[in-house]
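Shown next, in structure tokens, is the structure this report addresses.
The values are calculated or read from the model by the stated rules, or taken from the named source; none is laboratory data. Source: prediction; values computed, not measured. Neighbour counts are summed over all protein chains in view; Cβ atoms, including those assigned to glycine, are modelled from backbone coordinates with ideal geometry. These accessible areas exclude ligands, DNA and RNA; they are computed on the full protein's heavy atoms, side chains included. Shrake-Rupley method; radii C 1.70, N 1.55, O 1.52, S 1.80 Å.
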Amino acid sequence: MAVNLSVNFCGVKFKNPLVLASGILGITASSWRNVVKNGAGGVTTKSIWLTEHKGHRNPVIIANEHYMLNAVGLPDAGVEKAREEIGKYLSWKASPLIVSIVAGKVADFGEIAENIAGLKPDIIEVNISCPNVEGEFGKPFACVAADAAQVTREVKKRLDKAGVKIPISVKLSPNVENIVTIAKAVVDAGADALTVMNSMGPGMAINLEMRAPVLANKVGGLTGPALKPIAINFIHDIYKALPGTPIIGTGGVMTGEDAIEMMMAGATLVGVGTGVYYRGIEIFKKITDEMQSWCKANKISNLVSLIGAVQRHSE
Amino acid sequence: MCQRSDIPLSVKIKKINKETPFVMSFVFDYPHRALPGQFVNVWIPGIDEKPISVAFDDGKSYTIAVAAVGEMTKELAKKKVGDFIGIRGPYGTNYGSKSSQFIAMVAGGYGVAPLYFAAVQAIKAGCRVDFHHGARTKNYLLFADRVKKLKNTRYLPATDDGSLGHEGNCVNLMIETMNAGAKYDLIMTCGPEPMMKAVSDVAWKKKIDAQVSVERYMKCGLGICGNCCVDDLGIRTCQEGPIMPLSQIRKIKEFGLYHRNSVGKKHSF
């Protein structure tokens with residue numbers, strides 16, 4: 001018998017807990033659907049701005065077996081292009097769509113949220129934690145509890161005013177003194193869910209012969225397998241502090257066992273991004289197969305029963 | 001998990017050749033084992049990094065051919081022998097033939113670079129080649145001397161102004177060669193997309209297999225950034241391409257119609 005991998009996240013049903021993390025591949029409806037064809041339970045778009053935003057110059061991504069460093073710089077053509085792509089994807093009735101939004105100012109977050117809500121995606125993810133646009137906008141909103149809460153309130157206010165009931169998940173930064181304080185502030189401000197976490201750093205890599213930082217932006221967000229223990233720890237602490245708040249756990253997930261570990265820490269959905277580099281675009285199918293195998297070997301018939309399982313032992 | 005490095009290596013320029021009034025080739029003494037049709041990302045610190053097709057690789061050294069048209073390539077043109085540049089790759093899919101096939105190559109403009117390399121490999125595998133080579137005028141026929149020297153190859157140039165060979169484009173030249181009796185097993189093409197679209201239409205109609213080089217705006221080359229995904233398949237040109245079989249080309253709705261810029265906005269050809 002197949003194990004039931006489906007999960008319910010803020011009232012949205014996913015056939016399995018794997019979602020494409022924001023920033024990877026997600027520029028067009030076609031690429032979202034291609035990820036779903038490769039086994040993902042849902043997809044998150046690359047972050048969408050109100051108007052066109054140029055990213056950084058190349059090189060934007062470097063990687064080896066230990067890590068990936070990226071500073072793509074949130075390139076996007078703006079809400080008009082998003083309208084076309086989102087409309088096309090939703091017309092295909094593929095798996096759920098999480099639309100990531102970004103802005104440089106609080107009011108713009110509200111504006112873009114209202115625009116995107118009109119397109120009726122399943123969930124809106126509020127990206128307040130990208131470490132790669134500091135040169136342009138300063139420290140991310142996710143680094144200060146009051147700023148993070150202010151963005152959340154603005155988005156909620158605009159959605160309420162428009163009479164839209166689309167759940168919002170706020171994406172937190174790991175590069176903070178106390179992530180639980182920020183998580184609480186964001187949930188108090190009205191966030192329905194949390195995405196834990198964005199990339200770490202920023203970090204830098206230098207080419208020796210040319211004495212130059214390799215990334216055009218000089219620094220970039222760190223991702224890859226080594227992030228997993230950090231993400232697990234944050235998810236564990238946030239789930240414990242805010243047991244009713246659903247979490248999209250993201251950071252270093254490569255295998256089915258990694259995904260189950262993240263769910264045991266408290267995640268309901270599990271984001272996969274950099275894993276596409278390490279295991280190909282088929283990673284979603286590979287992970288769900290591995291989850292099936294682990295659950296069967298351990299006599300788990302319903303994956304949902306594992307969410308937060310570690311808490312019950314560590315009380 | 002995966003023993004690899006996709007961080008640019010600094011490599012010294014061993015040799016620089018002036019190929020045509022507008023194209024230079026750079027030779028690097030570094031084993032890259034690139035296959036015809038694959039590309040490398042070429043990086044100049046402080047300027048940019050761009051995907052560039054590998055023009056030749058003999059397992060010991062490799063060559064890229066560049067026209068100084070953009071900021072990165074203009075900067076590259078200023079480099080001297082002994083200077084370092086950053087290279088990573090090779091990336092993407094390649095041209096490939098079975099032994100003893102009769103192959104039509106259709107190269108437009110700079111598209112000749114990977115096809116010359118593909119022809120060398122194909123001839124090694126015992127193939128015969130008709131090399132249709134189109135350019136505006138004879139001075140633009142990059143690598144013409146190299147192609148002419150290949151064994152078992154007919155060199156068939158086409159120029160818009162008729163300064164050498166057939167007057168007109170190389171797709172019509174290929175059709176003429178076919179009408180004169182050439183029966184190809186395979187077509188390989190590289191050049192401007194409208195030209196490759198015409199070649200692929202001919203191949204489809206005549207039921208001849210073809211391999212087409214798709215060019216899209218690429219950033220990472222690693223299948224991660226998503227900038228080079230094509231509609232409606234959603235596949236990545238840097239991973240599932242650049243060299244794609246005709247069956248796949250027929251399913252790419254945007255092929256010959258539009259491509260996307262660095263922020264994902266559509267632009268018509």
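Specify which of the listed residues (B:MET174, B:MET188) is over 15 Å from B:MET244 (Cβ atoms), in contact with a Leu (Cβ under 9 Å, 6 or more places away or on another chain) and open to solvent by less than 20 Å² (accessible area, probe 1.4 Å). Let's see the steps before the verdict.
Values: B:MET188 fails: over 15 Å from B:MET244 (Cβ atoms).
Matching residue, one of B:MET174, B:MET188: B:MET174.
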Could you figure out which of (1) within 14 Å of chain B (Cβ to nearest Cβ); (2) touching a Leu at 6+ places or on another chain (Cβ under 7 Å); (3) open to solvent by less than 10 Å² (accessible area, probe 1.4 Å) isn't true of A:VAL170?
-> (1)
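So is A:GLY190 open to solvent by 10 Å² or more (accessible area, probe 1.4 Å) and of a type in the set (Gly, Ala, Ser) or not?
On the way: open to solvent by 10 Å² or more (accessible area, probe 1.4 Å): yes; of a type in the set (Gly, Ala, Ser): yes.
Yes: the conditions hold for A:GLY190.
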Return the total of residues in the stretch B:245-269 being in contact with a strand residue (DSSP E or B) (Cβ under 9 Å, 6 or more places away or on another chain), in a loop (DSSP other than H, G, I, E, B) and either open to solvent by less than 40 Å² (accessible area, probe 1.4 Å) or basic (Lys, Arg) (or both).
-> 6
By my count, strands (runs of 3 or more DSSP E) wholly in the stretch A:177-268 with at least 3 residues that are within 14 Å of chain B (Cβ to nearest Cβ) and within 25 Å of A:GLU136 (Cα to Cα) are A:219-223
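Within the stretch B:223-244, is there a residue that is outside any loop (DSSP other than H, G, I, E, B) and away from chain A (no Cβ under 14 Å)?
The initial filter retains those residues of the stretch B:223-244 that are outside any loop (DSSP other than H, G, I, E, B), namely B:229, B:236, B:243-244.
Narrowing further to those that are away from chain A (no Cβ under 14 Å): B:243-244.
Checked against the condition, which is being outside any loop (DSSP other than H, G, I, E, B) and away from chain A (no Cβ under 14 Å), the stretch B:223-244 yields at least one hit.
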Report yes if B:ALA144 is under 19 Å from B:SER213 (Cβ atoms) and assigned by TED's automatic domain parsing to the domain that holds B:ALA198, otherwise no.
-> no
Find all pairs meeting these conditions: Cβ atoms under 7 angstrom apart; at least six residues apart or on different chains; first residue within the stretch A:168-196 and at positive phi; second residue part of a strand (DSSP E or B) and surrounded by fewer than 22 Cβ atoms within 10 Å (Cβ to Cβ).
-> none
Subset of the stretch A:39-52 that is in contact (Cβ under 8 Å) with a residue 40 or more places away in the chain and within 11 Å of another protein chain (Cβ to nearest Cβ) - its residue that is nearest to A:VAL272 (Cα to Cα) | A:VAL43
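May I ask you to say which residue of B:ALA118, B:ALA55, B:ALA107 is open to solvent by less than 20 Å² (accessible area, probe 1.4 Å) and not in a strand (DSSP E or B)? Full working, then the answer.
Working: B:ALA55 fails: not in a strand (DSSP E or B); B:ALA107 fails: not in a strand (DSSP E or B).
None of the other options fit; the residue is B:ALA118.
Among the listed residues A:SER31, A:SER22, A:SER6, which satisfies the condition of being open to solvent by 10 Å² or more (accessible area, probe 1.4 Å) and under 19 Å from B:LEU222 (Cβ atoms)? Walk me through it before giving the result.
On the way: A:SER31 fails: open to solvent by 10 Å² or more (accessible area, probe 1.4 Å); A:SER6 fails: under 19 Å from B:LEU222 (Cβ atoms).
Of the residues listed, the single one that is open to solvent by 10 Å² or more (accessible area, probe 1.4 Å) and under 19 Å from B:LEU222 (Cβ atoms) is A:SER22.
Does A:VAL126 satisfy the condition of being in a strand (DSSP E or B), open to solvent by less than 20 Å² (accessible area, probe 1.4 Å) and at pLDDT 95 or above?
Numbers: in a strand (DSSP E or B): yes; open to solvent by less than 20 Å² (accessible area, probe 1.4 Å): yes; at pLDDT 95 or above: yes.
So A:VAL126 passes the test.
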Hits in the stretch A:129-146 (condition: without any contact (Cβ under 8 Å) to a residue 40 or more places away in the chain and either open to solvent by less than 10 Å² (accessible area, probe 1.4 Å) or charged (D, E, K, R) (or both)) = A:GLU136, A:LYS139
Right, A:PRO75: within 13 Å of chain B (Cβ to nearest Cβ), touching a Leu at 6+ places or on another chain (Cβ under 9 Å) and touching a residue at least 12 places away in the same chain (Cβ under 8 Å) or not?
-> no
Does the stretch A:60-68 contain any residue that is open to solvent by 20 Å² or more (accessible area, probe 1.4 Å), more than 7 Å from chain B (Cβ to nearest Cβ), touching a helix residue (DSSP H, G or I) at 6+ places or on another chain (Cβ under 8 Å) and farther than 28 Å from A:LEU227 by Cα?
-> no
